[in-house]
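Right, one structure below, let's go through it.
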8 protein chains.
Amino acid sequence: MSFYVYLSGEIHTDWREQIAQGAEAAGLDVVFTSPVTDHEASDAAGDHLGTEGNQFWRDHKSSKVNAIRTRTLIEQSDLVVVRFGDKYKQWNAAFDAGYCAALDKPYITLHGEEIIHPLKEVDAAAMAWATTPEQVVEILRYVTRA
Amino acid sequence: MSFYVYLSGEIHTDWREQIAQGAEAAGLDVVFTSPVTDHEASDAAGDHLGTEGNQFWRDHKSSKVNAIRTRTLIEQSDLVVVRFGDKYKQWNAAFDAGYCAALDKPYITLHGEEIIHPLKEVDAAAMAWATTPEQVVEILRYVTRA
Amino acid sequence: MSFYVYLSGEIHTDWREQIAQGAEAAGLDVVFTSPVTDHEASDAAGDHLGTEGNQFWRDHKSSKVNAIRTRTLIEQSDLVVVRFGDKYKQWNAAFDAGYCAALDKPYITLHGEEIIHPLKEVDAAAMAWATTPEQVVEILRYVTRA
Amino acid sequence: MSFYVYLSGEIHTDWREQIAQGAEAAGLDVVFTSPVTDHEASDAAGDHLGTEGNQFWRDHKSSKVNAIRTRTLIEQSDLVVVRFGDKYKQWNAAFDAGYCAALDKPYITLHGEEIIHPLKEVDAAAMAWATTPEQVVEILRYVTRA
Amino acid sequence: MSFYVYLSGEIHTDWREQIAQGAEAAGLDVVFTSPVTDHEASDAAGDHLGTEGNQFWRDHKSSKVNAIRTRTLIEQSDLVVVRFGDKYKQWNAAFDAGYCAALDKPYITLHGEEIIHPLKEVDAAAMAWATTPEQVVEILRYVTRA
Amino acid sequence: MSFYVYLSGEIHTDWREQIAQGAEAAGLDVVFTSPVTDHEASDAAGDHLGTEGNQFWRDHKSSKVNAIRTRTLIEQSDLVVVRFGDKYKQWNAAFDAGYCAALDKPYITLHGEEIIHPLKEVDAAAMAWATTPEQVVEILRYVTRA
Amino acid sequence: MSFYVYLSGEIHTDWREQIAQGAEAAGLDVVFTSPVTDHEASDAAGDHLGTEGNQFWRDHKSSKVNAIRTRTLIEQSDLVVVRFGDKYKQWNAAFDAGYCAALDKPYITLHGEEIIHPLKEVDAAAMAWATTPEQVVEILRYVTRA
Amino acid sequence: MSFYVYLSGEIHTDWREQIAQGAEAAGLDVVFTSPVTDHEASDAAGDHLGTEGNQFWRDHKSSKVNAIRTRTLIEQSDLVVVRFGDKYKQWNAAFDAGYCAALDKPYITLHGEEIIHPLKEVDAAAMAWATTPEQVVEILRYVTRA
């Protein structure tokens, strides 16, 4: 069976592509999935269901439409990688980590050293902490070796 | 039966006390629980298990000792209130929200309007969004009325 | 241990009182719980969280505040009684029945003969169908006898 | 993997066909399933197991035979669409919604504005509310995009 | 906490009384529960819900009313004792054993040597096989000792 | 997807073959599984693990080896058919029914009218009661129709 | 509520007493439970059910009688402490740790530095590693502070 | 469907190869999986994530990377074989057994007679105890026969 990996979190850098390319270069039998990473499309995911007069409900509707996709993909995955960048609140990434923890879905984190302390609870329930996409690929290579 | 409410998140303002006092004033049969809110004690929760040479493992040990407490209290609660203040990363709060969502444990959020957008995924799975401790008390009053 | 019974459904007749009085008259050790049955208060349960410009979101907020109460009570109960009257859509009652069915929470229905056919899926997963509060009391008397 | 969608509820209009055609026109990799939508066949699903002298047991047997099919399909689906039309009680549709809610199976509703209020509890636990089959197709297009 | 023991199976001999008396004599903190053991009352448990023209539906209704009681008690118990006597089919006892096995509820069997072979699947998932009520009491004494 | 059906119970008549042939004749996409139905092989399933001096342990070992097979197949099935014949104790069949009931695995029973009363608890949790293999095939035809 | 702690593992030193005395001295609201720690009684727990001709079945019966007690106590606990001493195989302790890990029951280990390497998988899923009973008491003091 | 078997435990003898060859010779449709059995690679599985100053954290990181693989494979398997050799502590094998027991994942043990007593709790929850790879193959042959 292929190994399914859901890539959660930061959408403003190319870390997903780096992991995917690394896995392909290594010839790994891994299928990657992710949320919709087009920021504007994601924010607008519920707009076609009717215009909202305030921001809260617009966000609410779009978040739920996105959740139809993301929860299904998380549940189908064998491993989740949760990436925290150096910008933005990224509470959705921490939310996904907590969601995985409660489901006993293994996840690893990918983030720099400068945010170790605020991520301590998220890292405490993770199976590994990586700082580079190459390390993630190396983990995938290891866990899928014949 | 008493109604159990776990108060997750921000530890630098007195929102927990405000809710507790409001509930007491209203005569509600609610038991409040929370993480250890003494910041330094929390960061040091694992120190007695041995000194660590780097920050990651010190945080790791303390976070897990804290998790023994927090996961038990979350699972024993009927409702979780997750508070996001206007400072710090507060990824642990979002992590708790995700944890609740996966367990089908009802939670509500308590935060200001200025962080609606980054909290949209967290709010999408919540049973309510409140902006003041008084609103939380009002919810508690309603859900526990005879 | 007391036997916990959640009384779901119709709020416009006094069937809950009839069951409670019957149980008391029979000296049963049963604790009854229910949703907030004050129709206006129930519809307004979320109003204190802010005014909404349209009906959908007002209903949405109030329904979720009510669900904090009702899901907790359903999960704490040993038996759920779902009442369907001869008026209104009462989709919330059928929703509660489906919720119980998926959780393996035993439930019984209480309704007249004229709605047997539209309730066939709801009755198919129920442990009994009663037509009068007296029959419900008789079931409670039987299942709790020493 | 294909995305599995169970279409629950109303059987007297062609909304299922509209969604299926829209999905096909959009080239989506979606598999649609549904209950048996032939009303007479559905009511008679248990008749071959023996004739019943009263309506309740005839309905009871047929509903359970139908449930063998519907519960399996609901559990195999990634998303459920629950349709409420403007006629009939449709308690089975609300029952399915409650069943999904308890299983954490994402569902969306499809209904007109005139029944917002009686469906408020059903909508409160849904991931989206759509008013047209086209909106459902748009949600499917979004959640399955590459 | 008291230790809860559900006594399932045969209703025509006094094995329940023997175990209860033995436990009392030994001063054990054990609470015993059981189905309604009055055979006629049990068969008639659903009769007050309306007369049935055939045996199947009369049995069906009564069995479900009984199940409201028995499933709750099984789920509340720490241990189930399943007794098979030398008469009758006793499929309900084997059904309870299978129910316990799937729930990971520990159960022990109580039966004579002459029915070892037909009970082999039931015994295979049991925590012990006893042949006398005294042995059951001894197990209870052991598992509850301070 | 094919529909998986586990055929539990009686091994001394050809009811499994009748159902399989009926399903094949009807062109149904159903996969049938079953326990090992060779009685002697089944009783001897654990003999190769070492000779036992008494019947209880010989049966114990064989039953557990059989359970490796049967539990896996039951869990993989969409429906279980539990057959009770007119001979033998068949407690394993009732055990399987209880096991299915606790797992929410739909099952139907197949037995004659003369054993309605002793099977009332088993039938009460079943989705249907059939008296002939043809009726089982008809149920399969119905639940798998396009 | 009291905090329940199950003390698993080594039975040849007084580590349980040290923890209990430390907790009492600290005034903690903790209830300690444990397996039967009388080695001979534990090995003989099933002897009263009949004499066995070989060691395997004697051990088998006694282990299962013990498991009635230990599984119930593990499931009722908020935290499990698993102690590994410097003698014996102690596979039962590692078994309990794995059991806890799969149930998401938090556990901590208590063992010396010389067995870090062979316990790495057990420690990897633990919430903490302590080397002295005093450290365990300190963890209990922390997680139960008001 | 193929039958999935995870081979847990001892990595210093060729028991996995013997079972695989036996299964192949018997023409069984069985897929075998296992942890990474290269001892040095396994101990070093987390080294690429950064050098650690002490043995505990090096082991901790590697164990968790290994667990990403092993837990996924255990959960995907239909049966787990847990092998205990005559050397080393092998607590990871007992941990896997406990993990399976809590998940209701059937497992069998493979070990010599000289360690019956210390493995009694592990064997008590197993579906079988084998002493040779040939016996394991025979079990696989039996449980997968057509």
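The values are calculated or read from the model by the stated rules, or taken from the named source; none is laboratory data. The structure displayed is predicted, hence computed values, not measured ones. For neighbour counting, all protein chains shown are included, and Cβ atoms are generated from backbone atoms with ideal geometry for every residue, glycine included. What goes into the accessible areas is simple: the full protein's heavy atoms, side chains included, and nothing from ligands, DNA or RNA. Shrake-Rupley method; radii C 1.70, N 1.55, O 1.52, S 1.80 Å.
List every residue pair whose Cβ atoms sit under 6 Å apart, with the two residues 6 or more apart in sequence or on different chains, where the first one lies in region F:1-29 and is under 30 Å from D:Y6 (Cα atoms) and the second, anywhere, is open to solvent by less than 10 Å² (accessible area, probe 1.4 Å) and part of a helix (DSSP H, G or I).
F:Y6/F:I74; F:S8/F:A93; F:I19/F:V136; F:A23/F:L140; F:L28/F:L140
Which of (1) at pLDDT below 95; (2) in contact with a Lys or Arg (Cβ under 7 Å, 6 or more places away or on another chain) is the odd one out, the single condition B:P106 does not satisfy?
(1)
When you scan region A:129-138, do you find a residue that is among the small types (G, A, S), in contact with a Ser or Thr (Cβ under 6 Å, 6 or more places away or on another chain) and closer than 20 Å to G:A124 by Cβ, even just one?
No, there is no match, as no residue in region A:129-138 is among the small types (G, A, S), in contact with a Ser or Thr (Cβ under 6 Å, 6 or more places away or on another chain) and closer than 20 Å to G:A124 by Cβ.
Name the strands (runs of 3 or more DSSP E) wholly inside region G:1-90 in which the number of residues that are open to solvent by less than 20 Å² (accessible area, probe 1.4 Å) and not polar (S, T, N, Q) is 2 or more.
Here the list reads G:3-9, G:79-83.
Which residues, counting only those in region E:103-126, are surrounded by fewer than 23 Cβ atoms within 10 Å (Cβ to Cβ), hydrophobic (A, V, I, L, M, F, W, C) and more than 23 Å from F:A44 (Cβ to Cβ)?
Passing the criteria: only E:L103.
Which one of these does G:A93 not meet: (1) within 9 Å of chain H (Cβ to nearest Cβ); (2) surrounded by fewer than 24 Cβ atoms within 10 Å (Cβ to Cβ); (3) touching a Lys or Arg at 6+ places or on another chain (Cβ under 8 Å)?
(2)
Of these, D:S8, D:S2, D:S63, D:S42, which one is under 21 Å from D:W129 (Cα atoms) and small (G, A, S)?
Of the residues listed, the single one that is under 21 Å from D:W129 (Cα atoms) and small (G, A, S) is D:S8.
To keep it simple, each residue is scored yes or no on (1) touching a Phe, Trp or Tyr at 6+ places or on another chain (Cβ under 7 Å); (2) under 29 Å from C:D59 (Cβ atoms); (3) among the basic types (K, R).
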site: A:W15; (1), (2), (3): no, no, no
site: A:V30; (1), (2), (3): yes, no, no
site: A:G46; (1), (2), (3): no, yes, no
site: A:E75; (1), (2), (3): no, no, no
site: A:N92; (1), (2), (3): no, yes, no
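Can you find, within region C:63-87, the residue that is farthest from D:D123 (Cα to Cα) among those that are among the polar types (S, T, N, Q) and at the interface with another protein chain (Cβ under 8 Å from one of its Cβ atoms)?
C:Q76
From the list B:Y107, B:Y99, pick out the single residue that is of a type outside the set (S, T, N, Q) and closer than 25 Å to A:K87 by Cα.
Residue meeting the stated conditions: B:Y99.
Suppose we filter region G:131-146 for residues that are at the interface with chain B (Cβ under 7 Å from one of its Cβ atoms) and buried (at least 23 other Cβ atoms within 10 Å of the Cβ); how many remain? Steps first, answer last, please.
Restricting attention to region G:131-146, the residues satisfying the condition of being at the interface with chain B (Cβ under 7 Å from one of its Cβ atoms) are G:135, G:138-139, G:142-143, G:145.
Adding the requirement that they be buried (at least 23 other Cβ atoms within 10 Å of the Cβ) leaves G:139, G:143.
Matching residues across region G:131-146 total 2.
Might you let me know whether region D:96-107 holds any residue that is acidic (D, E), out of contact with any strand residue (DSSP E or B) (no Cβ under 9 Å at 6 or more places or on another chain), at the interface with another protein chain (Cβ under 7 Å from one of its Cβ atoms) and farther than 20 Å from D:D14 by Cβ?
yes
Please work out if B:T70 is under 18 Å from G:A128 (Cα atoms) and of a type outside the set (A, V, I, L, M).
yes
Within region G:48-59, does at least one residue satisfy the condition of being farther than 26 Å from E:V81 by Cβ and within 11 Å of chain H (Cβ to nearest Cβ)?
Scanning region G:48-59, I find at least one residue that is farther than 26 Å from E:V81 by Cβ and within 11 Å of chain H (Cβ to nearest Cβ), so the answer is yes.
Take the residues of region B:26-40 that are touching a helix residue (DSSP H, G or I) at 6+ places or on another chain (Cβ under 8 Å) and not polar (S, T, N, Q): which is nearest to the other protein chains (Cβ to nearest Cβ)? Before you say what the answer is, go through the steps one by one.
Keep residues of region B:26-40 that are touching a helix residue (DSSP H, G or I) at 6+ places or on another chain (Cβ under 8 Å), which gives B:26, B:28, B:30, B:32-37.
Okay, now just the ones that are also not polar (S, T, N, Q), so B:26, B:28, B:30, B:32, B:35-36.
Values: B:A26: 13, B:L28: 13, B:V30: 12, B:F32: 11, B:P35: 10, B:V36: 6 Å.
Applying the filter and picking the extreme gives B:V36.
Just checking, does region D:35-53 include any residue being closer than 20 Å to D:Q76 by Cα, without any contact (Cβ under 8 Å) to a residue 40 or more places away in the chain and not polar (S, T, N, Q)?
yes
What number of residues in region B:91-146 are polar (S, T, N, Q) and either in a helix (DSSP H, G or I) or within 14 Å of the chain's Cα centre (by Cα) (or both)?
3
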